[in-house]
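Shown next, in structure tokens, is the structure this report addresses.
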Amino acid sequence: MTDAAGTTFVYVTFIRTTPEQLWAALTNPDFMKKFWFGMHHETDWKAGSSWRLVFPDGRVADTGEIAEIDPPRRLVLKWRNEFRPELKSEGYSRCTVELEPLAGAVKLTITHVMDRAESKFIEAVSGGWPRILSNLKSLLETGSIAVSS
Amino acid sequence: MKMNDDAVFRALADASRRQLLDRLHGKNGQTLGELCQGLDMTRQAVAKHLSILEEANLVSWKRQGREKLHFINPVPINEIAERWIGKFERPRLRALSELKRKLEGENHD
């Protein structure tokens, strides 16, 4: 969405797994590296705690805070870019991760919102999410990832 | 089943539905009413096409107050692409599609 209300995308994938396994995949640093281009989260996964997304070489990509956490159903992150000044200047975005069990699968919905029109940050992250989600789906369903670059 | 590749290909095999995806790609988060504007389709036809796109998981939606906003969901298209595009081919293909876009302009269907 690119009007006065902000910029939003909503990405959905269906993964043949359980909410518990999917939640563990999303929050375990070692497992996460396998589907998130080697990056991992640094946080203690408690509401109000700080959160960082870290590159394989240790540089910090993004920072923020755990706004809400309700395992294995819902996670809300305050999320700001740290390594590109033009994206960092847009301030905090809000990323909501929702897991909903369906027959034999889990519906995973990622909603990422920036409270400004034509957000460059949202444009930047919107390209990465489909690849991360494809890798995650592939890894959980078949045990191997689709792309590693 | 919403994970079905057949549903994605069927949904994409229609110029009107690709046009709706183009419009959401241009401006994400539109209501049915907004999507109908300037189209040569009835509201009923657009609603039918949207439900086929939703069934294929190419369009997702969120309620915002009384409005239902539609969003393009590129994840299934990415899954299909990853199936046949290896990691080593990706940069070359990206360069090719950038060249094609420059030579042909942004408008292509």
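The values are calculated or read from the model by the stated rules, or taken from the named source; none is laboratory data. Fair warning: this is a prediction, and the values are worked out from it, not measured in the lab. All Cβ positions, glycine included, derive from the backbone under ideal geometry; neighbour counts span all protein chains shown.
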> Can A:Ala61 be described as without any contact (Cβ under 8 Å) to a residue 24 or more places away in the chain and of a type in the set (Gly, Ala, Ser)?
Replying inline: yes
> Residues of region B:53-66 being in contact (Cβ under 8 Å) with a residue 40 or more places away in the chain and in a helix (DSSP H, G or I), which ones?
Replying inline: B:Leu53, B:Glu55
> Counting only residues that are within 14 Å of chain A (Cβ to nearest Cβ), part of a loop (DSSP other than H, G, I, E, B) and of a type in the set (A, V, I, L, M, F, W, C), how many does region B:1-32 have?
Replying inline: 2
> For region B:27-50, which residues satisfy the criterion of being within 14 Å of the chain's Cα centre (by Cα) and either in contact (Cβ under 8 Å) with a residue 12 or more places away in the chain or over 19 Å from B:Gln64 (Cβ atoms) (or both)?
Replying inline: B:Asn28, B:Gly29, B:Gln30, B:Leu35, B:Val46, B:His49, B:Leu50
> Are there any pairs with C-beta distances below 8 angstrom linking a residue in region A:1-14 that is farther than 15 Å from B:Arg63 by Cα and crowded, with 24+ Cβ neighbours inside 10 Å to a residue that is modelled with pLDDT under 60 and aliphatic (A, V, I, L, M), with the two at least 6 apart or on different chains, and if so which?
Replying inline: A:Thr7/A:Met1
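Results for (1) crowded, with 20+ Cβ neighbours inside 10 Å; (2) of a type in the set (Gly, Ala, Ser); (3) under 27 Å from A:Leu136 (Cα atoms), shown as yes or no for each residue.
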{"site": "B:Asp5", "(1), (2), (3)": "no, no, yes"}
{"site": "B:Arg10", "(1), (2), (3)": "no, no, yes"}
{"site": "B:Asp14", "(1), (2), (3)": "no, no, no"}
{"site": "B:Lys27", "(1), (2), (3)": "no, no, no"}
{"site": "B:Leu35", "(1), (2), (3)": "yes, no, no"}
{"site": "B:Ser60", "(1), (2), (3)": "yes, yes, yes"}
{"site": "B:Gly65", "(1), (2), (3)": "no, yes, no"}
{"site": "B:Pro76", "(1), (2), (3)": "yes, no, yes"}
{"site": "B:Arg83", "(1), (2), (3)": "no, no, yes"}
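Pick from A:Ser126, A:Ser144, A:Ser148: which is modelled with pLDDT under 95, small (Gly, Ala, Ser), surrounded by 14 or more Cβ atoms within 10 Å (Cβ to Cβ) and closer than 25 Å to A:Phe14 by Cβ?
A:Ser126
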>> For the condition farther than 18 Å from A:Ile15 by Cβ, more than 10 Å from every other protein chain (Cβ to nearest Cβ) and not in a helix (DSSP H, G or I), what is the one hit in B:Leu39, B:Leu50, B:Leu35?
In response: B:Leu39
> Do we find a residue being buried (at least 17 other Cβ atoms within 10 Å of the Cβ), modelled with pLDDT of 95 or more and either over 21 Å from A:Val113 (Cα atoms) or among the hydrophobic types (A, V, I, L, M, F, W, C) (or both) anywhere in region A:31-38?
Replying inline: no
> Restricting attention to region B:42-72, which residues are modelled with pLDDT of 95 or more and among the small types (Gly, Ala, Ser)?
Replying inline: B:Ala45, B:Ala47, B:Ser51, B:Ala56, B:Ser60
> Residues in region A:122-134 that are closer than 27 Å to A:Glu86 by Cα, within 10 Å of another protein chain (Cβ to nearest Cβ) and either without any contact (Cβ under 8 Å) to a residue 40 or more places away in the chain or over 11 Å from the mean Cα position of the chain (by Cα) (or both): how many?
Replying inline: 3
> How many of the residues making up region A:8-53 are within 14 Å of chain B (Cβ to nearest Cβ) and among the hydrophobic types (A, V, I, L, M, F, W, C)?
Replying inline: 7
> Are any of the residues in region A:108-121 part of a helix (DSSP H, G or I) and touching a residue at least 40 places away in the same chain (Cβ under 8 Å)?
Replying inline: yes
> For region A:82-119, how many residues meet the condition of being within 11 Å of another protein chain (Cβ to nearest Cβ), more than 23 Å from A:Arg52 (Cβ to Cβ) and not β-branched (Val, Ile, Thr)?
Replying inline: 7
